[in-house]
1. Checking C:Ser69 against (1) assigned to a helix (DSSP H, G or I); (2) over 30 Å from B:Pro516 (Cβ atoms), which test does it fail?
2. Which number in (1) closer than 17 Å to B:Arg368 by Cα; (2) crowded, with 24+ Cβ neighbours inside 10 Å; (3) in contact with a helix residue (DSSP H, G or I) (Cβ under 8 Å, 6 or more places away or on another chain) marks the one condition that B:Cys534 misses?
3. Could you say whether any residue in the stretch C:100-107 is at the interface with chain A (Cβ under 9 Å from one of its Cβ atoms), out of contact with any Ser or Thr (no Cβ under 7 Å at 6 or more places or on another chain) and of a type outside the set (Lys, Arg)?
4. For the stretch B:277-287, state whether one or more residues are under 33 Å from the mean Cα position of the chain (by Cα), closer than 30 Å to B:Arg169 by Cα and not acidic (Asp, Glu).
5. Within the stretch A:35-79, can you find the residues that are touching a Phe, Trp or Tyr at 6+ places or on another chain (Cβ under 9 Å) and part of a helix (DSSP H, G or I)?
6. Looking only at the stretch C:136-147, which residues are of a type outside the set (Asp, Glu) and more than 7 Å from chain A (Cβ to nearest Cβ)?
7. For the condition closer than 30 Å to B:Pro645 by Cβ and either in the same structural domain as B:Ile546 (by TED's automatic domain parsing) or of a type in the set (Asp, Glu) (or both), what is the one hit in B:Asp385, B:Asp319, B:Asp315?
Amino acid sequence: MKKHDSATSASLHELPPKAFRERVEVEILESMRKPRPIYYIGLAITVTMLIIGAVAWAIQIRRGMGMAGINNPVGWGAYITDFVFWVGIAHSGTLISAILYLFRSRFRSRFNRSAEAMTVFAVLTAGLFPLIHLGRVWFFYWLFPYPTQRYLWVNFRSPLVWDVFAVSTYLTVSVIFFYVGLIPDLAIMRRIKKGIPQKLYSIFSLGWTGSFREWKHYNQIYKYLAALATPLVLSVHSVVSWDFAMGIIPGWHTTIFAPYFVAGAIFSGMAMVFTLTIPMRKMFRWENVITVDHYEKAAKLLLFTAMIVTYAYVVEFGLAMYSHNVFEKEQFIFRAIGDYKFTYWLMIFCNAVLPWTLFIKKLRRNLWYLWVLSFFVNIGMWLERFNIVVISLAHDFDPYAFGHYVPSATEIAITVGSFGWFLTWFLLFVKTLPAIAITEVKEEAE
Amino acid sequence: MDDIPQYDVEAADVLITFGADILETFVSPVNFIKQITHAKEKGHFRWYHLEPHASLTGFKANKRFTIKTGSEPYVLSFLIHHLTANNLVRNRLPQNILDQIPDVSANQAAEKSGLSVKALNKLATALSGAKRPMVISGGVSLGNANGLLTASLTALLQWTLGLIGESIRFDASEGFDGVGSENDMAELRNQLNNGVVGVVFLARTNPVGQLTDGELFGKALGKADLVVAISDLPNETTAVADIVLPLSHALESWGDAQPRKNILNVIQPTLEPLYDTRSEGDILLTLIALMRGQQPNLTYQEWLFARWKELLGSDAAVDEFLKKGYALLPAQRETLRLNAAAAASLLKKASLNAPAGGSVLFAVPSLRMYDGRSKQLPLTPELPDPLTTITYGSWISVSDEWAQELGVKDKDEVSFSINNQQFKFPVKVQPGLNGHVATVHMDQIPANVLSRDAATGEVLAVINNVKLEKTGAQVKIPILAGSMEEGEKREIFPETYEDLEKELSHHNEVRATLYPEHHHPEYRWGMVIDLEKCVGCSACVAACYIENNVPMVGEEEHLKGREMSWIRIEPFYGENPDKEMHFTVMLCQQCENAPCESVCPVFATMHNDEGLNVMVYNRCVGTRYCHNNCPYKVRRFNWFPPQWPETMERMLNPDVYVRNGGVMEKCTFCYHRIRAARDVAKDEKRKIRDGEVVPACAQTCPAEAITFGNLLDEQARVTQLAHSDRSFRALESMGVEPGVYYLRKEEIKDEEA
Amino acid sequence: MKKKVLTFDNKEDFLKEFKKIMESGVPPQNVNVKLPNPDHELDHELEKYFKPSKLKFFTLGGGLTGCISGFALTIGTVLAWPLITSGKPLISIPPFIVIAFELTILFGALASLTGFFLLGRFPKISKIIEPEEFGNEFVIEIEGEGA
């Protein structure tokens, strides 16, 4: 494999169109070479994490929900936090794929494949948690709308049923979107690979020939899926946020949740894109393909959503104080100075203080800073959901019922397992499918 | 007459108690609670309670005074002399007695006791102005060095007020004349040590574990020829016995009981003995027959029936007795006379010990386990202590002042010693305790640590000059209440008149709503809980556990905050605990617009047309959203599948579903009882009458604080109470329209009291 | 059948030649054009000659079906077994809108995918067994008349 110099993207664009297209293929497919040992080590780690989580879940099913640390009054804890966290991560994938597509943004093409993959895997991960947190998980199918033996359906007024519909729809649409976008790239893989993999790529590319008769349908479905996916992404996290907003306890019952959660989802999802793609870029030597400019544009999006999230924090707190509602006021004061003040202030720091440093151009263009910042943002966003779920439950109306919650070993193991599950899928994806949309980058040839 | 009389508190209009914890463990708390309720119903009832510590009884009295321990004789002396001097007494005491009672002035009494002169005068005025006063002493007021003197002076005060023979009588006395004191047991111990005793039968008693010199008694038992223990549970006494004969459970045996001299109760078995056990009667009859060389052929049951026929007169009377469960025996009304000479000489001999200063520790019998004898029952530690809401474990209740001095807060460990035995307990700050006062429950310390009064045999519950030392450790004890402070202007339960006025102004307004009206064709079940009558005894909680097969989850789960009680007593202390302490009874409010219902994804909880929020156990998948959405947090989740140890499953109520792990549960207003009543009414082709359905909690409450019925029925008691001017609902502003109404606690302004 | 294949390295050359061919009167059904990547400008131009895709009608149909079935499902089931929860009206439109909305999107997407398979004639079994090269050049293939 000939080593290419550290030319900038400009030099890539200096190539004539066909050479550009060929070069793009070569550079991007660097990621699909035979894996080095570090890949296997990474995979081993993520699979171990996954096994830890699976074993913990099996024990929980066998022994009972009491293995988790949740109690009266805190009936939801780490699992629901994880659920909202993963759904949030999923959102930025669709944002990048669908919404930025509709806005015809140019930097989108470098991230959209990984982001879409991230979406699919994150939704798969998120979809586990409504099962994990069920007291009688073996009856999970009762949550789906079908007539039971007594002709009883589900309660469509319940936000959890909305979740079932929203997350299932989101998973289906994301998979469709991901797959459709992949078809031309699968055709490219079919051309390059040999043996069994070639046969598989051939099957999944459905016999794609690249003829305009196919492209015209492809363009339209892509456009309409993007148009469908945009309101979907807004609605899914709104629906997930309504799991809380439909509750009546102070800290949950507020109308700001839908936009607040959607902005937060995009925020945390963007951060996860950074967490995953910055090291990938280094490992696969994609410096030419994804440039610092691309990251800077993405960082501006991150900053924008951070500003919305900060605004939401201020509004929430301010309205609670202004409302003179005894319970609302007390809940928010408790958040700031009560049992959980550590998680509260850490969240504020990670989400509403650190990201504002992105106003400084130098920091925006520093990829290591972006990478470290993305970890803080992910921690901060996990803590935000934790704070909303746990602190509101721990301190609501009746003082006798105030309580405390600490995640148990089982919950920590399953959370770790969810990261293992997600990362395992992602690592497998990186080596089997092109992690940058080759066909879309080729569009920039002229 | 060597017995405890019946006190007619019901008819009283002023009650003064010195230390007697009549709502907790004094003689017969269920009886006293009921009497207090009836007294309150009559109106114009005022109750003043004087105690050196803080007890449930004190908090429920209309006015609670803190006195220095041992100073009761001063207050009593003052009252006797003051009333006598002003000719406010019914019977003037003979002069030789009056001479023996120290002439304590108001100022002197105030100084010794710590009460204000105003308070003393108020007590005197209350007594003198009362048509039917009542004075009772007991508890920690008698369990100190001045105990005998306090009891004597109380009796004299009662006599001089004309209570003896009128409202304090012995025709229906408690039946303690057959009960020995610790001094009697010490006498037995001497006999044992002298080798005079041959065979000892110890039936249903545990002297080795419960006497203050139990250890010595146990050693003395070794000197007897044969020690036979007849018991249903193993204890310290069965451990030293030579033979242990297992006793049948009360549910497996025939028997009778005399709670009062004039009442006979029947004990009937519900099943054949499960194991190889006998009742005491059968054991003794068999032994008697064998001793006589005869074949045992008379069962206890036959013996009892013969005895009852004798007592009650005829077979028909015995039938009636078995059906009703009790029979009234003819009472003997005795004329009681004051033995002036004996009283005077008693007073002369008594020495008035100065009330102790310094720090005091009280060992009080606990409401839940008395002195520890019911600790073995799984339910008793599962229920929280009403004042502290602690379930499992031991603790020492300390005043706020003292805790701050020591630099400790709840759950910090302190060490202290009683009679040279060291203890390390976590602290619980108890509002209402003043000064350097701490209390410990008797069930948490071994009985032999306490000493007894040699003259009377009374266990001395007061330990003077106790030192508490912070050890620096923290102990995990389950304190179930998240917080017992109401905070200012918290709108859950309006406490002041002003708050209630605000509340009631909304009462008759029809709340504007987007929702359709609820349609109740026949019944709308509702409940009214009178917070004035409720004394926080937690009997309703215990009843609910048993009736509804509620699992008992144990200490570890309690530490995680996972208690399972469907109904609970919530204590709340205000800024001034003497004035602002009340219990709230919290259970599922069966809201019309229950927030828990719409969030269940599978319809496992929904509203039926009788106004109940129904819980469908077999449909629940366990998402717990309903639990999160309940503003009162009354729903309970089965975190683990409940375990019922061998034979305990026979205790389960067959009318009620037994829930498995992963399923939500909550109070159902004893829906199985509503169903049963409906079936009966359907057979008789009528509607359910008021009073036919009584949930377990209402049935059990000794204070008759819980009323249940059909709110659609204008004539029903529950409807009338719900529309009274004392009624309010919890968290009314939420708009959930609860079906449980509360009657506000009486507020007695200072001037009135 | 006579077949002419022209390949181009860049977009402009391809477009010029394509327009020339089409204006010379070759019937569009004999012409096949292959692109290495989608392009908005090309779409626009090429659609003048090749009929635009009808996929959007699948999407529309799917979406409408979804919306209607969403309301039908929710309202139908709640009328079949009217259970009161929280005193809310039986036919509660706001939550039912959420369900209908999600089903609109779901059925719209599924219908679009179905339309994509049907209209694009996927999967092309012969092309799976013997794939046709999808490379980096613009290709014009003319078969039959005009070759």
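1. Among (1) assigned to a helix (DSSP H, G or I); (2) over 30 Å from B:Pro516 (Cβ atoms), the lone unmet condition for C:Ser69 is (2).
2. (3)
3. The answer is yes; a qualifying residue exists.
4. No, the stretch B:277-287 contains no residue that is under 33 Å from the mean Cα position of the chain (by Cα), closer than 30 Å to B:Arg169 by Cα and not acidic (Asp, Glu).
5. Across the stretch A:35-79, the qualifying residues are A:Thr46, A:Met49, A:Leu50, A:Gly53, A:Ala54, A:Ile61, A:Arg63, A:Met65, A:Gly66, A:Met67, A:Ala78, A:Tyr79.
6. C:Phe138, C:Val139, C:Ile140, C:Ile142, C:Gly144, C:Gly146, C:Ala147
7. Going through B:Asp385, B:Asp319, B:Asp315 in turn, just one is closer than 30 Å to B:Pro645 by Cβ and either in the same structural domain as B:Ile546 (by TED's automatic domain parsing) or of a type in the set (Asp, Glu) (or both): B:Asp385.
Residues are listed down the side, and each one gets a yes or a no for (1) within 12 Å of chain A (Cβ to nearest Cβ); (2) within 27 Å of A:Arg136 (Cα to Cα); (3) free of Cβ contacts under 8 Å to residues at least 40 places away in the same chain:
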{"site": "B:Glu575", "(1), (2), (3)": "no, no, yes"}
{"site": "B:Cys588", "(1), (2), (3)": "no, yes, no"}
{"site": "B:Pro595", "(1), (2), (3)": "yes, yes, no"}
{"site": "B:Pro601", "(1), (2), (3)": "yes, yes, yes"}
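The values are calculated or read from the model by the stated rules, or taken from the named source; none is laboratory data. Keep in mind that this is a model prediction, so the values were computed, not measured. Methodologically, a virtual Cβ is constructed for each residue, glycine included, from the backbone with ideal geometry; neighbour enumeration extends over all protein chains shown.
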